[in-house]
1. If I take the Cα coordinates of the chain and project them onto the principal axes, what are the three extents in Å, biggest first?
2. Which far-off residues, 5 or more places away or on another chain, put their amide H under 5 Å from the one on VAL11, with H placed in the peptide plane?
3. Placing unit charges on C-beta atoms (Lys and Arg positive, Asp and Glu negative, everything else neutral), compute the dipole magnitude of the chain about its Cα centre in debye, rounded to 20.
4. For LYS28, which aspartates and glutamates qualify as cross-link partners when the Cα separation must be under 19 Å and same-chain residues fewer than eight apart are set aside?
5. Say each of THR26 and VAL11 gets a label point 7 Å from the Cα, pointing the same way as Cα to Cβ; how far apart are those two points in nm?
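We did not get these values from a lab; they are worked out from the coordinates using the rules stated. Just so it is clear, the model here is predicted, and its values are computed rather than measured. Here the Cβ positions follow ideal geometry from the backbone for every residue, glycine too, while neighbour counts run over all protein chains shown.
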Amino acid sequence: MKEKFGVPVEVIGSTELAEFDEDINTTKAFIRNGTIYLNSLVAKGDDAFHEYAHIFLGAMKADPELR
């Protein structure tokens, strides 16, 4: 997906999650500065899709031609 849409995705563990001040046990995925981060401890494939959807919906809201 990164190559297709240009949105970087990183799978991270507990150390990185703590650095982002995210809950290790409940945070599945999140977006920071245009990068999707997936928690290797609890995330599944649909969590990545969910985060991509946030980006696409935001682009659609920002650009009337995409509506």
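1. The Cα atoms of the chain stretch 41, 21, 17 Å along their principal axes.
2. When sequence neighbours closer than 5 places are left aside, the close amide H contacts are LEU38.
3. Numbers: 7 positive and 12 negative charges, 57 e Å.
Dipole of the chain, to the nearest 20 debye: 280 debye.
4. Within reach: GLU10, GLU16, GLU19, ASP46, ASP47, GLU51.
5. 2.5
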